[in-house]
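Q: Have a look at this one before I ask anything.
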Amino acid sequence: MPSITEEMIKRVKETRAKTERVFDGNFLHVDRDTITTASGLTRTREFIRHPGASVIVALFDDQSVLLEFQWRQPCERAFWELPAGKLDPKEEPAVCARRELKEETGYEAEHWYYLGRIHNAIGYSDEHLEFFLATGLKAGDRHLDEGECLEVFRVSFKELLEMALNGEITDVKTLVGVFWLEKYLKGAICPQAC
């Protein structure tokens, strides 16, 4: 793998001259930056500002996993997804993960492990997702946000993998979570306890 050098960064870096807020929503914002490319051209870049989110791979002792089934209006359909939720202002990702697992599924976990971070839409958003593995699960009451409608299912890892491979799961965060879970179950990664 090539090492990143200052010279490499210099050859691709864009320099921001100004930022204009185009849209200011409840939690999403759209900015337009005027930039100068590394080759000296002036261009604009429009993108979504997102606070980030936490994703939870909730793993039971029998290697089954919690999945959610919920409607996503931008695509006008329901999706299979891992539990996840956006960060509240100044909220730590691990705190968000614990809160979202409890709110959306009713489960709490005895053990938490940090799996990693992805930037899932780098061409048009600064959104980043922090992934956590939760084990030692205990059922409880869930507390959905007002207007939030989702179903929770427990599926075997084999079923989860088949759903990812046959196209039933198309959500990128869930596919990445399946990948990391597979590596964890094979002993290829040892996530950091948190």
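Q: Output the number of residues of the stretch 14-35 satisfying the condition of being surrounded by 12 or more Cβ atoms within 10 Å (Cβ to Cβ) and outside any strand (DSSP E or B).
A: So the count comes out to 2.
Q: Turning to a different aspect of this structure: Return yes when residue 109 is of a type in the set (Gly, Ala, Ser), crowded, with 19+ Cβ neighbours inside 10 Å and under 26 Å from residue 23 (Cβ atoms) and no when it is not.
A: Numbers: of a type in the set (Gly, Ala, Ser): yes; crowded, with 19+ Cβ neighbours inside 10 Å: yes; under 26 Å from residue 23 (Cβ atoms): no.
When the stated conditions are applied, residue 109 does not pass them.
Q: Still on this structure, I have one more. With respect to the numbered conditions (1) in a strand (DSSP E or B); (2) buried (at least 18 other Cβ atoms within 10 Å of the Cβ); (3) in contact with a helix residue (DSSP H, G or I) (Cβ under 8 Å, 6 or more places away or on another chain), which one is the sole condition not fulfilled by residue 137?
A: Here residue 137 meets the rest and fails (3).
Q: Can you pull out the residues in the stretch 20-36 that are without any contact (Cβ under 8 Å) to a residue 24 or more places away in the chain and either closer than 24 Å to residue 53 by Cα or touching a helix residue (DSSP H, G or I) at 6+ places or on another chain (Cβ under 8 Å) (or both)? Steps first, please.
A: Taking the stretch 20-36 as the starting set, the residues that turn out to be without any contact (Cβ under 8 Å) to a residue 24 or more places away in the chain are 20-21, 23-26, 28-36.
Across the stretch 20-36, the qualifying residues are 21, 23, 24, 25, 26, 28, 29, 30, 31, 32, 33.
Q: Considering (1) exposed (fewer than 10 other Cβ atoms within 10 Å of the Cβ); (2) in contact with a His (Cβ under 7 Å, 6 or more places away or on another chain); (3) not acidic (Asp, Glu), say which one residue 2 fails and leave the rest.
A: With respect to (1) exposed (fewer than 10 other Cβ atoms within 10 Å of the Cβ); (2) in contact with a His (Cβ under 7 Å, 6 or more places away or on another chain); (3) not acidic (Asp, Glu), residue 2 is out only on (2).
Q: Further, regarding this structure: Against the definition (in contact with a Lys or Arg (Cβ under 9 Å, 6 or more places away or on another chain) and of a type in the set (A, V, I, L, M, F, W, C)), how does residue 69 come out, yes or no? Break it down into steps so the answer makes sense when it comes.
A: Values: in contact with a Lys or Arg (Cβ under 9 Å, 6 or more places away or on another chain): no; of a type in the set (A, V, I, L, M, F, W, C): yes.
Answer is no for this residue.
Q: Among 61, 88, which is charged (D, E, K, R), out of contact with any strand residue (DSSP E or B) (no Cβ under 7 Å at 6 or more places or on another chain) and more than 19 Å from residue 126 (Cα to Cα)? Break it down stepwise before answering.
A: Numbers: 88 fails: more than 19 Å from residue 126 (Cα to Cα).
After applying the criteria, what remains is 61.
Q: Take the conditions loosely packed, with under 13 Cβ neighbours inside 10 Å, among the small types (Gly, Ala, Ser) and on the phi < 0 side of the Ramachandran plot and apply them to residue 94. Does it pass?
A: Details: loosely packed, with under 13 Cβ neighbours inside 10 Å: no; among the small types (Gly, Ala, Ser): yes; on the phi < 0 side of the Ramachandran plot: yes.
Against the criterion (loosely packed, with under 13 Cβ neighbours inside 10 Å, among the small types (Gly, Ala, Ser) and on the phi < 0 side of the Ramachandran plot), residue 94 does not qualify.
Q: Can you pull out the residues in the stretch 100-143 that are of a type in the set (Gly, Ala, Ser) and either within 27 Å of residue 188 (Cα to Cα) or in the same structural domain as residue 45 (by TED's automatic domain parsing) (or both)?
A: Quick first cut of the stretch 100-143, residues of a type in the set (Gly, Ala, Ser) only: 106, 109, 116, 121, 123, 125, 134, 136, 139-140.
Scanning the stretch 100-143 gives 109, 116, 121, 134, 136.
Q: Here's another thing I want to ask about it. Kindly provide the set of residues from the stretch 63-87 that are touching a residue at least 12 places away in the same chain (Cβ under 8 Å) and not in a strand (DSSP E or B), ordered by number.
A: 63, 82, 83, 87
Q: Can I ask one more? May I ask you to say which residue of 83, 74 is assigned by TED's automatic domain parsing to the domain that holds residue 165 and under 14 Å from the mean Cα position of the chain (by Cα)?
A: Values: 74 fails: under 14 Å from the mean Cα position of the chain (by Cα).
Exactly one residue qualifies, and that residue is 83.
Q: Considering only residues that are in contact with a His (Cβ under 9 Å, 6 or more places away or on another chain) and loosely packed, with under 11 Cβ neighbours inside 10 Å, which ones fall in the stretch 36-50?
A: Filtering the stretch 36-50 down to residues in contact with a His (Cβ under 9 Å, 6 or more places away or on another chain) leaves 48-50.
Within the stretch 36-50, no residue meets the criteria.
Q: Residues to consider are 103, 68, 91; find the one that is within 20 Å of residue 144 (Cβ to Cβ) and in contact with a His (Cβ under 6 Å, 6 or more places away or on another chain).
A: Details: 68 fails: in contact with a His (Cβ under 6 Å, 6 or more places away or on another chain); 91 fails: in contact with a His (Cβ under 6 Å, 6 or more places away or on another chain).
Being within 20 Å of residue 144 (Cβ to Cβ) and in contact with a His (Cβ under 6 Å, 6 or more places away or on another chain) holds for just one of 103, 68, 91, which is 103.
The values are calculated or read from the model by the stated rules, or taken from the named source; none is laboratory data. Treat the numbers as computed from the prediction; the structure is a model and nothing was measured. No Cβ is skipped: glycine too gets one built from the backbone with ideal geometry, and neighbour counts run over all protein chains shown.
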